[in-house]
């Protein structure tokens with residue numbers, strides 16, 4: 001299979017996902033796998049390369065996951081997303097029983113209305129890992145890796161991943177979420193890519209971070225002294241390994257070969273004790289490696305060092321939070337968008353009291369001279385009387401910052417820069433229904 005190379009160059013994480021780094025044109029390389037006619041690969045800011053339909057809309061899967069009291073999602077080669085409006089809770093998340101009425105039933109949509117299946121024509125043929133399943137209504141649907149495929153009603157432009165993300169996925173204590181589907185990353189055996197807010201991080205197959213050194217020359221390692229090698233372990237390439245795409249091999253000595261990515265020799269840090277660490281990047285001249293930088297957060301935002309790590313904050317240093325929510329129905333629909341029932345958020349942010357919610361949690365305003373950064377970080381207009389999206393220029397509407405189309409917040413309980421008292425507020429530490437801070441690094 002042919003390897004699709006990203007733009008030549010290397011991203012050195014000098015500022016924990018700084019806006020300057022994110023404006024780079026570096027893109028993650030991927031393997032050019034066979035695709036049926038009408039599909040393509042689109043580069044996204046947050047998820048790297050993803051599959052898209054002919055209009056550029058991201059394709060998603062809904063993998064089955066084990067929840068507290070059952071399973072939700074699509075089993076192999078079968079779609080559980082039906083054109084039926086669910087009216088009752090499923091009881092998948094203790095301590096809440098099933099059979100409770102869901103809110104806003106007069107406007108609630110079916111799973112299919114929000115997640116249109118990617119329909120296959122009658123004469124379509126399977127290609128590679130692409131297959132075709134038959135839905136319960138008899139229509140044909142594309143699947144990839146035996147997982148049925150969908151688009152999201154939220155995505156409007158190529159590169160949008162507003163429907164879902166694998167970035168915060170934890171399983172068990174989170175809803176059965178939809179996540180983007182893409183081709184394999186162009187990596188030699190022994191490496192993998194992990195999505196982070198700072199970018200698409202390169203790690204080894206045990207998920208330990210990979211680093212590069214400023215002291216090295218292109219395709220030449222200068223980490224040869226005993227002092228250096230006591231702290232840094234060169235990532236060795238097997239005898240049979242061959243250069244490919246952005247990957248090359250450095251000859252350290254006779255018979256000793258080291259992997260290099262974008263001409264930078266690669267290492268692991270001997271003192272790393274946990275996966276996806278940034279600790280090696282604290283060493284002068286050493287950096288984590290990213291196949292692609294993370295999306296640029298607003299230039300007015302700041303990064304605050306806390307007792308727990310580095311957290312994203314607004315211009316005055318107050319920690320910013322995202323709200324996440326998935327309802328406890330069979331179709332596990334998200335309830336964190338502006339067109340979702342607001343009862344879920346009101347229950348968490350104000351105990352069901354609208355005024356108290358607005359007193360405790362505030363939208364992050366966008367200054368008049370600020371502009372949207374892309375599809376991940378954007379500026380939207382919100383009607384503060386309803387907390388629904390407003391038309392541009394609507395009287396009384398406020399311009400606020402949004403992450404993946406959802407407003408972000410500050411918490412009135414945070415009195416000083418770097419405080420994060422609102423973090424994990426909600427069900428299951430805020431992962432099921434609640435607020436979480438944007439951690440750029442956790443200690």
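Taken together, the values in this text are just the output of simple stated rules run on the coordinates, not laboratory data. Keep in mind that what you see is a predicted model, and the values were worked out from it rather than measured. Neighbour counts are summed over all protein chains in view; Cβ atoms, including those assigned to glycine, are modelled from backbone coordinates with ideal geometry.
Which value in nm describes the separation of the simple spin-label points at residue 71 and residue 299, placed 7 Å from the Cα toward the beta carbon?
The two pseudo-label positions are separated by 5.1 nm.
Using only alpha carbons, build the gyration tensor for the range 34-182 and give me the equivalent ellipsoid semi-axes, biggest first, whole Å.
27, 18, 15
Once you order the gyration tensor axes a ≥ b ≥ c over the Cα atoms, which shape class does the range 340-443 get: rounded for a/c under 1.5, otherwise prolate or oblate by comparing a/b with b/c? The partial results should precede the final answer.
Numbers: a/c = 1.71, a/b = 1.23, b/c = 1.39.
Judged from the Cα gyration tensor, the range 340-443 comes out oblate (a/c at least 1.5, b/c at or above a/b).
Arrange 338, 59 by Cβ neighbour counts within 10 Å, fewest through most, would you?
Values: 338 17, 59 23.
Ranked by crowding around the Cβ, least crowded first: 338, 59.
By how many nm would the segment from residue 217 to residue 124 grow when fully extended, if each residue of separation counts as 0.36 nm and the alpha-carbon distance is taken off?
Numbers: separation 93, 0.36 × 93 = 33.48 nm, distance 5.05 nm.
Gain in length upon complete extension: 28.4 nm.
Quick one: 425, 93, fewest Cβ neighbours within 10 Å first, how do they rank?
Values: 425 19, 93 24.
Ranking 425, 93 by Cβ neighbours within 10 Å, fewest first, gives 425, 93.
Between residue 167 and residue 412, what is the spin-label point distance in nm, taking each point 7 Å from the Cα along the Cα→C-beta axis?
Spacing of the two 7 Å Cα→Cβ label points: 2.8 nm.
Given 0.36 nm per residue, what is the gain on full extension from residue 388 to residue 228 after removing their alpha carbon distance, in nm? Numbers along the way, then the final one.
Working: separation 160, 0.36 × 160 = 57.60 nm, distance 5.60 nm.
The residue 388-residue 228 span can extend by a further 52.0 nm.
Multiplying the sequence separation of residue 370 and residue 146 by 0.36 nm and subtracting their Cα-Cα distance, what value in nm do you get? Provide the component values of the computation, followed by the final result.
Working: separation 224, 0.36 × 224 = 80.64 nm, distance 4.37 nm.
Gain on extension, residue 370 to residue 146, equals 76.3 nm.
What is the percent of Cα-Cα separations in the range 26-69 that go past 14 Å?
Details: 551 of 946 pairs.
It works out to 58 percent of all Cα pairs.
7 Å from Cα along Cα→Cβ at both residue 339 and residue 31: what's the point-to-point distance in nm?
3.7
Of 255, 164, 430, which has the largest mean-square fluctuation in a 10 Å C-alpha GNM of the chain?
Among 255, 164, 430, the largest GNM mean-square fluctuation belongs to 255.
Could you list, bin by bin from short to long, the percent of Cα-Cα pairs of the range 191-293 in 5 Å steps?
Each 5 Å bin holds this share of Cα pairs: 2, 13, 25, 27, 20, 10, 2, 0.
By count of other Cβ within 10 Å, fewest leading, how are 81, 223 ordered? Write down the numbers at each step before the final one.
Numbers: 81 24, 223 19.
If I rank by nearby Cβ atoms, fewest first, I get 223, 81.
With 5 Å bins from zero, work out the P(r) of the range 245-332 over every alpha carbon pair and list the percent per bin.
Percent of pairs per bin, in order: 3, 9, 12, 14, 16, 13, 11, 9, 7, 4, 2, 1, 0.
Taking a temperature of 20 °C and a viscosity of 1.002 mPa s, what whole-number D in µm²/s does Stokes-Einstein yield for the chain with Rh from Kirkwood over alpha carbon pairs? Mind showing how you got there, number by number?
Values: Rh = 23.4 Å.
For these conditions, the coefficient is 91 µm²/s.
At 222 nm, what helix-only mean residue ellipticity would the chain give, in deg cm²/dmol to the nearest 500, using -39500 (n - 2.57) for each DSSP H run of four or more?
Numbers: 5 runs with 27 residues, N = 443.
Mean residue ellipticity at 222 nm (helix-derived): -1500 deg cm²/dmol.
What's the FRET efficiency of residue 137 with residue 85 using the Cβ-Cβ distance as r and R₀ = 22 Å, to the nearest 0.05?
Working: r = 15 Å, r/R0 = 0.69.
Calculated transfer efficiency: 0.90.
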